[in-house]
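Reading through the structure tokens given below for one structure.
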Amino acid sequence: MLALLPILLIGSLCIELARGYQTRHLLILSMQETARVAAVQHADPQRWQPALKHSLARLFVPAGRFASPQARLEATRQAFQARFQLPLWRMQRISSTPDTIHLRLIYFYQPLQEWLRMLLQTFHIGEQGLIPIVVDYRVLRHYRPD
């Protein structure tokens, strides 16, 4: 019984690490898609923010009891904000030159195991035991011929 405890602990940490890596990979793909929209639409936030929200829905597949991944995303975002008083993600346009656009996404990753979140909070890692995943992306602007 005592030998099984460390194996379970290591196994759950491995699952959490794999889930975090998958989340980061999907965030990178979302940033690429959002940056492409921003490059074509002259970095207009009214245009690229819906593209970001749509691409982040990949993180919430399968939809489960919700009608769609977008509905699950919205419900998760509202529950997260109510519980932690933080947005689930923050998107910023860091810089915009005539040639490039630099975007940054900060996504607050919540570990599946509550004990791990409490442990991270105890050691002041992340905000409220949440792990911020930061993704930066630069893209060349595209110009329309006039």
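The values are calculated or read from the model by the stated rules, or taken from the named source; none is laboratory data. Just so it is clear, the structure is predicted and the values come from calculations on it, not from any experiment. As a convention, Cβ positions derive from the backbone with ideal geometry for all residues, glycine included, and neighbour counts pool all protein chains shown.
Scanning region 122-131 for residues that are of a type outside the set (Asp, Glu) and part of a strand (DSSP E or B) turns up 130, 131. Which of the residues belonging to region 90-101 are crowded, with 17+ Cβ neighbours inside 10 Å and either out of contact with any Leu (no Cβ under 6 Å at 6 or more places or on another chain) or in contact (Cβ under 8 Å) with a residue 60 or more places away in the chain (or both)? Result: 101, single match.
Taken together, 140, 116, 105 contain a single residue that is within 15 Å of residue 49 (Cα to Cα), of a type outside the set (Val, Ile, Thr) and in contact (Cβ under 8 Å) with a residue 60 or more places away in the chain, which is 105. Taken over region 62-121, the criterion of being in a helix (DSSP H, G or I), of a type in the set (S, T, N, Q) and closer than 30 Å to residue 8 by Cα is satisfied by 76, 121. Taking the criterion of being under 20 Å from residue 60 (Cβ atoms), surrounded by fewer than 19 Cβ atoms within 10 Å (Cβ to Cβ) and in contact with a helix residue (DSSP H, G or I) (Cβ under 9 Å, 6 or more places away or on another chain), the residues of region 27-49 that qualify are 29, 32, 33, 49. Within region 108-116, identify whether any single residue is under 30 Å from residue 41 (Cα atoms), touching a Leu at 6+ places or on another chain (Cβ under 6 Å) and hydroxyl-bearing (Ser, Thr, Tyr), and answer yes or no. There is no residue in region 108-116 that is under 30 Å from residue 41 (Cα atoms), touching a Leu at 6+ places or on another chain (Cβ under 6 Å) and hydroxyl-bearing (Ser, Thr, Tyr). Restricting 24, 47 to those that are modelled with pLDDT under 95, in a helix (DSSP H, G or I) and either under 13 Å from the mean Cα position of the chain (by Cα) or within 18 Å of residue 140 (Cα to Cα) (or both) reduces the list to 47.
Of all the numbered requirements in (1) in a strand (DSSP E or B); (2) over 30 Å from residue 10 (Cβ atoms), residue 52 misses one, and that requirement is (1).
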